[in-house]
Amino acid sequence: MTTLIRYILVSLVLGALIHIGAVIALPNFADQKVWNRLAQLGDNREFHLIGDHPTAVRLLGTADPAMVYAICRFNLKTGPVTMAAPPSTSFWNVTIFNENAEMIYNLHDGASRNGELDLELYHLSKKRQEVLPTIEDPNRLAPVDPLTPLPVPPPLTDAQRADLLEEAIERERLAREDDPTIEAILDVDKAFAIYKIFRPLSAYDGIIIDAMSQARCE
Amino acid sequence: MTLERGLQFNTVDVGLWEAWPVAGEPTADPYSKALFARIGSVWMSSTEGLALVAKTDTDGAGLTGQCRYRISGVVPRGRLWTLTATATEPRQPELDSYLTSDDVIWDEDQSLTVTISARVFPGNWLPVSEETNRFELVLRIYDTPLASGGLDDTVRPPVIEREVCL
């Protein structure tokens with residue numbers, strides 16, 4: 001009897017483990033991955049306009065017919081991405097997704113200074129490398145006669161190091177104050193951006209197509 | 001398989017409408033994540049807005065293109081909203097008509113009345129097709145504080161009443 005109970009318990013636990021494993025692994029195996037479907041649009045680092053609503057639904061799974069969509073695929077590891085577009089209608093939005101179609105960043109025209117899309121994306125590791133060398137390291141000792149003892153400055157505490165890093169970042173921020181470019185630092189390699197422009201009426205199609213054709217994703 | 005059971009996780013009921021405030025973000029629970037991966041859809045981030053979906057009228061019956069419906073009430077606030085109908089069965093004509101906050105006419109008391117039907121109707125009218133057996137209404141509210149924690153009992157979204165069927 002106890003052997004039977006033991007077998008049942010083992011089966012239950014095994015079943016639960018397999019279930020949990022399947023649920024967690026599923027996003028990687030889904031054959032309907034949006035990332036894969038978007039490859040058919042064309043080259044990376046280019047905004048591809050989606051011509052009509054049924055195509056948008058087929059590619060994205062769900063779409064608002066009141067919006068005109070463009071997609072750009074890219075890999076941040078190969079370098080920063082600049083996204084730019086002129087102003088168009090009363091609403092636009094850019095959402096950045098990772099390979100698993102999870103949202104990692106969003107920006108709409110409300111955050112822009114003049115209705116222009118002006119966004120720069122950096123990979124987290126690259127940005128760190130850029131900022132850190134500007135901090136002078138007081139712990140670095142000048143070459144001296146090794147026989148002559150010199151007073152050694154006390155090592156930086158974590159708080160002091162953090163302060164220096166903040167100062168460096170602030171210096172950089174001030175340098176960019178007049179530049180409306182929005183910068184985002186993302187921790188992702190493969191990603192895609194969905195840029196959508198609101199289409200109040202078909203009369204706006206000309207303006208929207210214009211803005212989309214001038215939109216850059218480089 | 002349990003993952004087919006429908007999007008019952010992390011949904012919030014707002015009257016007749018269902019909202020998915022945490023859909024598609026990396027913090028979502030693994031069940032929602034797996035289900036979204038399987039469906040292969042992208043969703044709205046909370047900064048962008050909120051999507052509300054209604055699948056039934058006030059009697060609980062599914063929405064069909066053979067009936068005329070009246071939506072009335074107040075639309076939750078946001079900079080822009082769009083109302084669309086989506087056919088939910090395969091091989092149905094793609095519905096691509098829409099109404100937006102830009103072009104609707106409001107009633108005297110600041111509330112909204114919209115007619116959804118296959119036949120043209122005066123006032124705010126969202127066309128659907130007679131051939132559409134089943135559809136859902138999607139109300140997308142863009143740039144709204146409701147998307148990040150503003151959804152609670154005080155929000156009263158529109159109701160959907162069935163008026164007449166063919």
Being open to solvent by 60 Å² or more (accessible area, probe 1.4 Å), under 30 Å from A:Ala39 (Cβ atoms) and at pLDDT below 85 narrows A:Lys190, A:Lys126 down to just A:Lys126
Region A:64-88: number of residues that are over 21 Å from the mean Cα position of the chain (by Cα) and either crowded, with 17+ Cβ neighbours inside 10 Å or within 9 Å of chain B (Cβ to nearest Cβ) (or both):
6
For region B:115-129, indicate whether the set of residues that are within 26 Å of A:Ser90 (Cα to Cα), within 14 Å of chain A (Cβ to nearest Cβ) and either of a type outside the set (D, E, K, R) or open to solvent by 10 Å² or more (accessible area, probe 1.4 Å) (or both) is non-empty.
yes
Pick from region A:39-54, criterion more than 10 Å from chain B (Cβ to nearest Cβ) and outside any loop (DSSP other than H, G, I, E, B), ranking: nearest to A:Arg216 (Cα to Cα):
A:His48
Quick check on A:Leu60: is it at pLDDT 85 or above and more than 8 Å from every other protein chain (Cβ to nearest Cβ)?
no
Considering residues that are open to solvent by 40 Å² or more (accessible area, probe 1.4 Å) and in contact with a strand residue (DSSP E or B) (Cβ under 8 Å, 6 or more places away or on another chain), the number found within region A:47-56 is 1
Of the numbered conditions (1) more than 11 Å from every other protein chain (Cβ to nearest Cβ); (2) touching a helix residue (DSSP H, G or I) at 6+ places or on another chain (Cβ under 8 Å), B:Gly49 fails exactly one; give the number of that condition.
(1)
Name the residues in region B:81-95 that are away from chain A (no Cβ under 11 Å) and either in contact with a Lys or Arg (Cβ under 7 Å, 6 or more places away or on another chain) or under 27 Å from B:Leu146 (Cβ atoms) (or both), would you?
B:Thr88, B:Glu89
Answer yes if at least one residue in region B:66-82 is free of Cβ contacts under 8 Å to residues at least 12 places away in the same chain and either surrounded by 15 or more Cβ atoms within 10 Å (Cβ to Cβ) or small (Gly, Ala, Ser) (or both), and no otherwise.
no
Within region B:144-151, is even one residue within 14 Å of chain A (Cβ to nearest Cβ) and either farther than 26 Å from B:Ser45 by Cα or exposed (fewer than 15 other Cβ atoms within 10 Å of the Cβ) (or both)?
yes
Considering every residue within region B:96-107, establish whether at least one is of a type outside the set (Ser, Thr, Tyr), touching a residue at least 60 places away in the same chain (Cβ under 8 Å) and more than 14 Å from every other protein chain (Cβ to nearest Cβ).
no
Boolean, B:Ser41 is within 12 Å of another protein chain (Cβ to nearest Cβ), modelled with pLDDT under 65 and either open to solvent by 40 Å² or more (accessible area, probe 1.4 Å) or assigned to a loop (DSSP other than H, G, I, E, B) (or both)
yes
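The values are calculated or read from the model by the stated rules, or taken from the named source; none is laboratory data. Fair warning: this is a prediction, and the values are worked out from it, not measured in the lab. Note that we place each Cβ from the backbone using ideal geometry, even for glycine, and neighbour counts take in every protein chain shown. Accessible surface is based on the protein model in full, side chains and every heavy atom, while ligands, DNA and RNA are left aside. Shrake-Rupley method; radii C 1.70, N 1.55, O 1.52, S 1.80 Å.
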